[in-house]
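Visitor: Below: one structure in structure tokens.
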Amino acid sequence: MTAQTDTPGSVTTVYQVSGMSCGHCEGSVSSEISELAGVTSVKAVAATGEVTVVSAAALDEEAVRAAVDEAGFELAGKA
């Protein structure tokens, strides 16, 4: 699990997502996760499958999983 606090009141978590292969995939995953309450930043990298999420507080992993599923990919867990 990679979770760290970068600035007061924010949490950065890195998730592993399988199935991303291009910029469109990155955008789909980023868009869905961005809609979760408290999310301030999302960066998805198809080449590594890593999605870095900055949020006001720790996110519920099931909510993240549902957002990734909605984008058409699978959350493998935290990196």
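Visitor: Among the GluC sites (Glu not before Pro) within segment 19-79, which fall in a DSSP loop and have no more than 14 other Cβ atoms within 10 Å of their own Cβ?
Guide: Glu35
Visitor: Roughly how many nanometres apart are two label points built 7 Å out from the Cα toward the Cβ at Thr12 and Asp60?
Guide: That separation, rounded to one decimal, is 2.6 nm.
Any read-out appearing in this document is the output of simple, stated calculations on the displayed coordinates, not a laboratory observation. Just so it is clear, the model here is predicted, and its values are computed rather than measured. Neighbour counts run over all protein chains shown; Cβ positions are idealised from the backbone, glycine included.
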